[in-house]
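Chemist: Let me give you the structure first, and then I'll get to my questions.
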Amino acid sequence: MKLGRVIGSVVATRKDPSLESLTLLIVENVTSALEREGGYVVAVDSVGAGVGEVVLYATGSSARLTAVTKDRPVDAVIMAIVDSFDIDGRVTRLA
Amino acid sequence: MKLGRVIGSVVATRKDPSLESLTLLIVENVTSALEREGGYVVAVDSVGAGVGEVVLYATGSSARLTAVTKDRPVDAVIMAIVDSFDIDGRVTRLA
Amino acid sequence: MKLGRVIGSVVATRKDPSLESLTLLIVENVTSALEREGGYVVAVDSVGAGVGEVVLYATGSSARLTAVTKDRPVDAVIMAIVDSFDIDGRVTRLA
Amino acid sequence: MKLGRVIGSVVATRKDPSLESLTLLIVENVTSALEREGGYVVAVDSVGAGVGEVVLYATGSSARLTAVTKDRPVDAVIMAIVDSFDIDGRVTRLA
Amino acid sequence: MKLGRVIGSVVATRKDPSLESLTLLIVENVTSALEREGGYVVAVDSVGAGVGEVVLYATGSSARLTAVTKDRPVDAVIMAIVDSFDIDGRVTRLA
């Protein structure tokens, strides 16, 4: 998984029927210091994440292992919202 | 998924039989500001996308989860045409 | 999928038994302008491609979805030989 | 697999229910000389790894092949703690 | 697949039980001219490769398609030892 920050969302009405009702969020990659790393991914939200939140996303076939993404043609899913993380003993709280 | 812009198409008559009748589009990667990011992918079209349109494409095994790509040896599929997206509250309309 | 140009082949006699009789081709990545992009892949040939030809190759689990690669430990397959492609209305014929 | 060094952990209370009780560790990539390579991954711990330890992690669908990650939406798992490694006959002991 | 050169091995006693008895080799990436390309992978050996040999390795789910890696949490496998390869008609013999 990677850490990312939700920066926006995508609206698409012409799409594969199985994508109906999924929320597509734009997530920019961040380093473990929460700095922009370059690059982004459009991921399905499975946890109710909002703009500005730091999340964990999974890619590949694993992105289809949540209840909302099962059997759908999606390759990235937000599966957790980060409350805090700890690097070498220094804790960063986000929530 | 990634955002991309359709820039062209590929014709191939000598190919795996299961690819018969699939449309192969060339999609260049774009940033969330719709600038060229470098790089491209050739993706199967599952939604009737045209040249110039901004689309979402999925890669890997997830690319085989649409009706047209099921069980075929393809690793990228356009599964949505983007109508608009929203970055930090600023909306960009495309359709 | 990506566009590539076949530049050579690999011979390996000590290998997983399931690879017996597969043709392993060296494919260099090319841009949509057919310039070298850097990087290469060794892909199984499923369509009778020859040195110099521009091909489409698929990677990952999708590479096992042709008749010759089914259930084999290979992660890249040439699944089409490109006849022509069209970028923004400009056609390039290869065959 | 890649070699990485565990540098921290992530706490997330809002997450896919199947992630309950999994330990999420931040692993920075290292070269085969144990120098920082740039980049990191958040991986599920399946072997009791601690901060500072050098580990092996697997990504993609293979990350779901341990007992703790089976059927979960995770794309990276620590599946071994490195005791030593040998490069061109020179042994580096870590444990 | 990619070409790589075996440069060493990894010893890990604390690991997922299914990894018992697998040989973990460090493989550095090489170009099709056998120059170091940068980067490496730790791959399971399925063919008896030794240090210094040029090999082909496969990654992702395909790495689990050999007899020794089936159902194991590994994402890279050496599935062939290269005897020779041919680039634009110039043959390089390795064995």
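Chemist: Taking 7 Å along the Cα-to-C-beta vector as the label spot, tell me the E:E20-B:D71 distance in nanometres, rounded to one decimal.
Modeler: 3.9 nm
Chemist: Set the bar at 27 Å for Cα to Cα. Now go through A:K2/C:K15; B:K15/E:K70; D:K2/D:K70 and name every pair that lies beyond it.
Modeler: Over 27 Å Cα-Cα: A:K2/C:K15; B:K15/E:K70.
Chemist: I've got another one for you. Relative contact order (percent) for chain C, with alpha-carbon contacts under 8 angstrom and 6 or more residues of separation?
Modeler: Rounded, it is 26 percent for chain C.
Chemist: What is the dipole size for the stretch E:2-82, taken about its Cα centre, with +1 at each Lys and Arg Cβ and -1 at each Asp and Glu Cβ, in debye to the nearest 20?
Modeler: For this selection, approximately 120 debye.
Chemist: A follow-up question, please. Restricted to Cα positions, what overall size does the stretch D:47-95 have along the principal axes? Three whole-Å values, descending.
Modeler: Principal extents (Cα only, largest first): 39, 22, 14 Å.
Chemist: Here is a further query. With a 1.4 Å probe on protein heavy atoms only, tell me which residues of the stretch B:2-32 lose at least 50 Å² of accessible surface in the complex relative to the chain by itself.
Modeler: B:I7, B:V11, B:R14, B:D16
Chemist: Here's a follow-up. Find out how many positive minus negative residues lie around D:A95, taking Lys and Arg as positive, Asp and Glu as negative, among other residues whose Cβ is under 15 Å from that of D:A95.
Modeler: After counting each charged neighbour, the total is +1.
Chemist: Per the Kirkwood treatment, what hydrodynamic radius in Å, one decimal, follows for chain A from the mean inverse distance over all distinct Cα pairs?
Modeler: In chain A this quantity evaluates to 13.7 Å.
Chemist: Please report, for B:K70, the nm distances (one decimal) from its label point, 7 Å out from Cα along the beta-carbon direction, to the equivalent points in the remaining copies, shortest first.
Modeler: 1.7, 1.7, 2.8, 2.8
Chemist: Okay, moving on. With θ set to phi - 60°, apply the Karplus curve 6.51 cos²θ - 1.76 cosθ + 1.60 along the stretch D:23-35 and write out the HN-Hα couplings as whole Hz, x wherever there is a Gly or Pro.
Modeler: 9, 9, 10, 8, 10, 8, 5, 10, 6, 6, 9, 6, 8
Chemist: Then there's this: Can you pull the semi-axes for the stretch D:1-56, root of five times each eigenvalue of the Cα gyration tensor, sorted largest first, whole Å?
Modeler: 23, 11, 9
Chemist: I'd like the carbon and sulfur percentage of the solvent accessible area for the protein assembly as shown, probe radius 1.4 Å, heavy atoms only, ligands and nucleic acids excluded. Please report the intermediate quantities before stating the final value.
Modeler: Numbers: 8760 of 18290 Å².
Roughly 48 percent, rounded to a whole number.
Chemist: Could I ask something else about it? Say the dipole of the stretch D:19-90 comes from +1 at the beta carbon of Lys and Arg and -1 at that of Asp and Glu; which of D:S84, D:G60, D:V27 then lies farthest toward its positive end?
Modeler: Going by the charge dipole, the pick is D:G60.
Chemist: Compare the Cα positions of C:P73, C:G4, A:M1 along the charge dipole of the protein assembly as shown (+1 at Cβ of Lys, Arg; -1 at Cβ of Asp, Glu; about the Cα centre) and return the one farthest towards the positive end.
Modeler: Comparing the listed Cα positions along the dipole, C:P73 ranks first.
Chemist: Taking the label point 7 Å from Cα in the Cβ direction, how far apart in nm is A:L34 from each other copy of itself, listed shortest first?
Modeler: Nearest first, the other copies' label points are 3.2, 3.2, 5.1, 5.1 nm away.
Chemist: Another question, then. Place a point 7 Å from the Cα of B:V51 along the Cα-to-Cβ direction; which residues of the stretch B:10-27 have their backbone N under 20 Å from it?
Modeler: B:10-13, B:22-27
Chemist: Between copies, how far apart are the D:E20 label points? List them in nm, one decimal, shortest first, with each point 7 Å from Cα toward Cβ, please?
Modeler: The projected label point of D:E20 is separated from its counterparts by 3.1, 3.1, 5.1, 5.1 nm.
Chemist: Across the stretch B:71-82, in residue order, what do the Karplus-derived ³J(HN,Hα) couplings come to in whole Hz, using 6.51 cos²θ - 1.76 cosθ + 1.60 with θ = phi - 60° and x for Gly and Pro?
Modeler: Each residue of the stretch B:71-82 in turn: 6, 9, x, 10, 10, 8, 9, 7, 10, 6, 9, 7 Hz.
Chemist: Give me Rg/Rg_expected for the protein assembly as shown, where Rg uses Cα atoms only and Rg_expected = 2.2 N^0.38 Å with N residues.
Modeler: Rg over 2.2 N^0.38 Å, computed on Cα atoms: 0.95.
The values are calculated or read from the model by the stated rules, or taken from the named source; none is laboratory data. Everything numeric in this text was worked out from a predicted model, so none of it was measured. As a convention, Cβ positions derive from the backbone with ideal geometry for all residues, glycine included, and neighbour counts pool all protein chains shown. Protein only, heavy atoms only, side chains kept; ligands, DNA and RNA dropped before computing areas. Shrake-Rupley method; radii C 1.70, N 1.55, O 1.52, S 1.80 Å.
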